[in-house]
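Novice: One structure is given below, represented as structure tokens, and several questions about it will come after.
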Amino acid sequence: MVKAIVGANWGDEGKGKITDLFAEGSDVVVRFQGGANAGHTIICDYGKFALHQLPSGVFYPHITNIIGNGVALNVPKFLEELNHLREGGVPAPHIIIDQRTQVLMPYHVLQDQYEEERLGGHAFGSTKSGIAPFYSDKYAKYGIQICELFDEPRLMERLEQVCAIKNVLFEHLYHKPKLDPKAIFEEVTGYRDQIAPYVGDAMSFVKEALAEGKQVLLEAQLGAMKDPDFGIYPFTTSSHTLAGFGCMGVGVAPQDIKSIVAITKAYSSAVGAGAFVSELFGDEAEELRHRGGDAGEYGATTGRPRRVGWFDAVATRYGCKVQGATEVALTAVDVLGYLDEIKVCTGYEIDGKITRDFPVTPLLERAKPVYTTLPGWKCDIRGETDYNRLPSQAKGYVDFLEKEIGVPITIVSTGPKRHEITHRR
Ligand code: GDP
């Protein structure tokens with residue numbers, strides 16, 4: 001059986017914690033898209049870890065952790081993260097990187113930086129970790145699969161082809177030094193042998209695990225709003241963030257995905273550019289940002305302050321729809337305990353008309369929030385483990401969001417730690 005843990009919003013919904021929760025009862029945990037450009041925060045018995053490239057099952061010895069073919073694999077980052085785990089006393093995890101997974105190359109990072117520099121004030125707010133150039137190259141067929149690192153003549157030939165194209169851009173568009181295919185060859189073959197023990201046929205491994213009745217958990221990076229098709233294009237990421245892409249990103253069959261848990265936070269946060277209808281500014285935003293997450297709303301990978309706002313029911317309902325969510329986990333409800341009143345964005349006003357449907361980007365950029373105001377609970381609920389013991393206003397808030405989203409909220413998280421969780425049904 002396959003369960004997918006996905007984001008209903010812009011990312012940073014707290015997927016790491018919920019994945020960690022479900023990982024315990026899973027046999028296989030899979031990363032199927034994205035790269036080291038975002039991170040999950042996990043607080044477990046070994047301490048606090050920000051995982052960027054590794055699957056969230058690495059803290060459990062019984063789990064096989066898969067990096068699927070849909071991932072952008074940053075090899076130095078992968079090795080660095082493994083090392084970090086080792087230093088933190090975590091036993092060596094069992095990991096398989098699919099042999100067809102493509103490698104994020106040093107020139108992808110350079111190209112990402114140069115492009116954001118060229119765009120100046122019109123930049124996308126990229127994390128500059130090479131993700132957009134990586135996926136562009138993959139679909140333009142200039143990408144390099146990890147299996148190709150072990151065929152040296154082939155690798156050299158492919159690098160020469162790629163550099164011929166890149167150098168036109170680097171020299172004439174960006175006015176930067178040209179790439180030397182030999183130097184790139186030396187760099188990637190330099191670390192190749194360190195990942196060799198992890199490379200294998202992950203797709204077949206997952207198929208066999210499913211045939212044996214094992215539990216497979218797919219963990220997504222970012223959220224529905226960042227999907228390149230259904231998100232706030234072009235302010236999206238470059239790989240599909242939807243549960244359905246799990247089928248492509250590791251090779252499971254659509255009918256195997258039985259459960260899709262969409263994660264949403266009790267308020268909104270986003271990084272990067274793009275429309276954010278329920279965004280807060282000034283002191284109100286600063287207070288929420290400061291109180292949010294486990295140590296404020298700052299990016300797990302970049303440390304950038306996140307944009308924050310009220311819960312956006314229009315975006316979340318749509319996010320759950322495109323994810324195909326079967327249930328919802330609501331995180332960080334504890335954060336809102338300081339507020340007298342809590343607003344929820346229940347509609348968008350666009351050109352004088354109110355809609356509850358999430359619009360296409362040109363209309364989204366003109367949308368103004370329509371709010372419903374609910375009473376706050378004015379107390380600290382952090383760490384509560386019994387849903388029934390939550391104050392009535394907090395339960396009322398959850399009931400209201402569930403009605404707005406139209407998908408059952410089964411889990412309500414009351415803090416960043418593993419045990420700070422309540423089950424609603
Ligand atoms: P992800 O990318 O969706 O995995 O999001 P992250 O885990 O990086 O970011 C969410 C942040 O919220 C992290 O700092 C988590 O530790 C924190 N977090 C998760 N669940 C809760 C919760 O229920 N309450 C609070 N206060 N923080 C939470």
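None of the figures in this text is laboratory data; all of them are computed from the coordinates on show. Remember, it's a predicted structure, so these values are computed and weren't measured experimentally. Counting neighbours? That spans all protein chains shown, and the Cβs are built from the backbone with ideal geometry, glycine included.
Novice: Evaluate the Kirkwood expression for the hydrodynamic radius of the stretch 54-199, namely the inverse of the mean inverse distance over all pairs of different C-alpha atoms, and round to one decimal in Å.
Specialist: It works out to 16.4 Å.
Novice: Can you work out D for the chain in µm² s⁻¹ from Stokes-Einstein, where Rh is the Kirkwood radius over C-alpha pairs, the temperature is 20 °C and the viscosity is 1.002 mPa s?
Specialist: 97 µm²/s
Novice: Check D12: other-chain or 5+ apart residues with amide H under 5 Å from its amide H, H built from backbone geometry?
Specialist: Excluding prolines and chain starts, which carry no amide H, the hits are L222.
Novice: Just need the relative contact order of the chain here, percent rounded to a whole number, with Cα pairs under 8 Å and 6+ apart.
Specialist: Normalised by residue count, the contact order of the chain is 20 percent.
Novice: Among M105, F59, G319, which residue has its Cα positioned farthest towards the positive end of the charge dipole of the chain, with +1 placed on the Cβ of Lys and Arg, -1 on the Cβ of Asp and Glu, and the dipole taken about the Cα centre?
Specialist: Projecting each Cα onto the dipole axis, the largest value belongs to G319.
Novice: Taking the dipole about the Cα centre of the chain, with the C-beta of Lys and Arg at +1 and of Asp and Glu at -1, give me whichever of Q161, A262, G406 is farthest to the positive side.
Specialist: The one lying farthest along the dipole's positive direction is G406.
Novice: Treat the count of other C-beta atoms within 10 Å as a stand-in for reagent exposure and order T101, T189 from fewest to most.
Specialist: Listed from fewest to most nearby Cβ atoms, that is T189, T101.
Novice: In a Gaussian network model over the chain where Cα atoms closer than 10 Å are linked, find which of A285, A72, A313 has the largest mean-square fluctuation.
Specialist: A285
Novice: How large is the charge dipole for the chain, taken about the Cα centre, if only the Cβ atoms of Lys, Arg (+1) and Asp, Glu (-1) carry charge, to the nearest 20 debye? Let's see the in-between values first.
Specialist: Working: 45 positive and 55 negative charges, 112 e Å.
That gives a dipole near 540 debye.
Novice: Projecting each Cα onto the charge dipole of the stretch 44-130 (Lys/Arg +1, Asp/Glu -1 at the beta carbon, about the Cα centre), which of I95, F124, V75 comes out farthest on the positive side?
Specialist: Of the options given, the answer is I95.
Novice: Using a 10 angstrom cutoff on alpha carbons, build the Gaussian network for the chain and name the most mobile of I411, I350, I97.
Specialist: In the Gaussian network model the winner is I350.
Novice: Arranged by the count of other C-beta atoms within 10 angstrom, fewest first, what order do K77, K417 take?
Specialist: Lowest to highest Cβ neighbour count: K417, K77.
Novice: On to the next question. Enumerate the amide H contacts of A72 below 5 Å, restricted to partners 5 or more residues apart or on another chain; note that Pro and chain-start residues carry no placed amide H.
Specialist: Residues meeting the amide H criterion: G34, G35.
Novice: Only four residue types carry charge here, +1 at the Cβ of Lys and Arg and -1 at the Cβ of Asp and Glu. Report the dipole size of the stretch 191-348 about the Cα centre in Debye, rounded to the nearest 20.
Specialist: That gives the stretch 191-348 a dipole magnitude of about 320 debye.
Novice: Each residue of the stretch 187-198 in order: what ³J(HN,Hα) in whole Hz does its phi give by Karplus 6.51 cos²θ - 1.76 cosθ + 1.60, θ = phi - 60°, with x for Gly and Pro?
Specialist: Result, ordered by residue: 4, 6, 6, x, 9, 3, 5, 6, 9, 3, x, 9 Hz.
Novice: While we're on this one: So what is the 222 nm mean residue ellipticity for the chain from helices alone, if each DSSP H run of at least 4 adds -39500 (n - 2.57) and you divide by all residues, rounding to the nearest 500 deg cm²/dmol?
Specialist: So the helix-based figure for the chain works out to -9500 deg cm²/dmol.
Novice: Pairs K48/K214; K48/K343; K265/K378; K77/K265; K128/K178: which exceed 22 Å Cα-Cα?
Specialist: Long pairs (Cα-Cα over 22 Å): K48/K214; K48/K343; K77/K265.
Novice: What is the magnitude of the charge dipole of the stretch 1-155 about its Cα centre, with +1 placed on the Cβ of each Lys and Arg, -1 on the Cβ of each Asp and Glu, and no other charges, expressed in debye to the nearest 20?
Specialist: 200 debye
Novice: Next question. Given a 10 angstrom Cα cut-off, can you work out which residue in V216, V168, V206 is the most mobile in a GNM of the chain?
Specialist: Judging by the Gaussian network model, the answer is V168.
Novice: Additional query: In percent, how large is the relative contact order of the stretch 116-229, given Cα pairs closer than 8 Å and 6 or more residues apart? Intermediate results must be reported in sequence, preceding the final value.
Specialist: Values: 45 pairs, mean separation 17.3, N = 114.
Result for the stretch 116-229 is 15 percent.
Novice: Using amide H atoms built 1.01 Å from N in the peptide plane, name the residues 5+ places from G292, or on other chains, whose amide H lies under 5 Å from its own.
Specialist: For G292, the qualifying residues are E297.
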